[in-house]
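What follows is one structure encoded as structure tokens, with my remarks underneath.
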Amino acid sequence: MGEYALSGKARDDLKRIAQQSLAQWGMVQAERYIFGLHELFGRLVTLPDLGRDAGGIRPGYLRIESGSHVVFYRKTANGILIVRVLHAHMDFSRYL
């Protein structure tokens, strides 16, 4: 079984999401949201084709929605690499 890894930018994205969620929704909801993202990452390891092709934005990338965010990832020899976790309203091509 493979594993998932986070890029440095994805780690930064998750920290920012956690901080914003904490400020807006409180600790319980922030933890629940971040936990849900990590559950999704684990699911993508076993079902890497679950996401849709994001080649129009960046060749080789896939994307999947989760709550208010879109997870961009790519398959690797060991599993998947989470590249970015961006808010659904962001200009993806600018941040990828």
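All of the numbers you see were taken from the coordinates with simple rules; none came from a lab. This structure is a prediction, so every number in the text was calculated from the model and none was measured. Cβ placement follows ideal geometry from the backbone for every residue including glycine, while neighbour counts extend to all protein chains displayed.
Shape analysis of the chain yields a ratio of the Cα radius of gyration to the Kirkwood radius, Rg/Rh, of 0.96. Remark: relative contact order (the chain) = 32 percent; criterion is Cα-Cα distance under 8 angstrom and separation of 6 or more residues. In the stretch 43-96, the alpha-carbon atoms span a convex hull of 69 Å³ per residue. Our estimate of slack between residue 81 and residue 23, defined as 0.36 nm per intervening residue step minus the Cα-Cα distance, is 18.1 nm. For residue 94 and residue 31, the difference between the fully extended length at 0.36 nm per residue and the C-alpha to C-alpha distance is 19.9 nm. The label point for residue 5 and the one for residue 46, both projected 7 Å from the Cα toward the Cβ, are 2.3 nm apart. The residues packed around residue 62, meaning those with a beta-carbon under 14 Å from its beta-carbon, carry a net charge of +4 if Lys and Arg are +1 and Asp and Glu are -1.
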